[in-house]
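Laboratory data are not the source of any read-out in this text; all were calculated from the coordinates shown. Values in this document were obtained by computation on a predicted structure and should not be read as measured data. A quick note on method: Cβ atoms are made from the backbone with ideal geometry, for glycine too, and the neighbour counts reach across all protein chains shown.
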Amino acid sequence: NSEDVRCKCICPPYKDHSGNIYNKNVSQKDCDCLHVVEPMPVPGPDVEAYCLRCECKYEERSSVTIKVNNVILLA
């Protein structure tokens, strides 16, 4: 299920741009700033420096397991 995977990039403030969190459904190999951060908040020459500050993590979850646990807890 495509909603069970995501890449989450946490980018701190950079120059006059505030920090932000970006989420996108991409494959694990594409889990990096260049594939996830859209639109890029900085101009071309600053992209590399901006992306080096971002921390990107690939996350997986099982929504079926979460639903089953919720049913058990509510029963």
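For the chain, run through the trypsin sites (Lys or Arg not before Pro) and keep only the ones in DSSP coil with at most 12 other Cβ atoms within 10 Å of their Cβ.
In loop regions of the chain (DSSP not H, G, I, E or B), the sparsely surrounded trypsin sites (Lys or Arg not before Pro) are K15, R61.
When +1 charges are put on Lys and Arg Cβ atoms and -1 charges on Asp and Glu Cβ atoms, the dipole computed for the chain relative to its Cα centre reaches about 240 debye. Between A75 and K15, the simple spin-label model (points 7 angstrom out along Cα→Cβ) gives 5.7 nm. Quote the relative contact order of the stretch 5-71 in percent (integer), defining contacts as alpha-carbon pairs under 8 Å separated by 6+ residues. Relative contact order comes out at 40 percent.
Using only Cα atoms, what is the ratio of the radius of gyration of the stretch 5-71 to 2.2 N^0.38 Å?
Values: Rg = 14.6 Å, N = 67, 2.2 N^0.38 = 10.9 Å.
Expressed relative to 2.2 N^0.38 Å, the Cα Rg reads 1.34.
Along its three principal directions, the equivalent ellipsoid of the stretch 32-73 from the Cα gyration tensor extends over semi-axes of 37, 9, 7 Å, largest first. Note on K15: aspartates and glutamates with a C-alpha under 15 Å away, same-chain residues under 8 apart excluded, are D46, E48. Backbone phi angles across the stretch 35-46, fed through the Karplus curve with coefficients 6.51, -1.76 and 1.60 (θ = phi - 60°), yield HN-Hα couplings of 8, 9, 7, 9, x, 5, x, 10, x, x, x, 9 Hz in residue order; Gly and Pro are listed as x. Treating the angle as unsigned and between 0 and 90°, give the value, to the nearest 10°, between the Cα long axis of helix 63-74 and the longest Cα principal axis of the chain. On a 0 to 90 degree scale, this one is about 50. Computing FRET efficiency as 1/(1 + (r/R0)^6) for D46 and I66, where r is the C-beta to C-beta distance and R0 is 30 Å, gives about 0.15.
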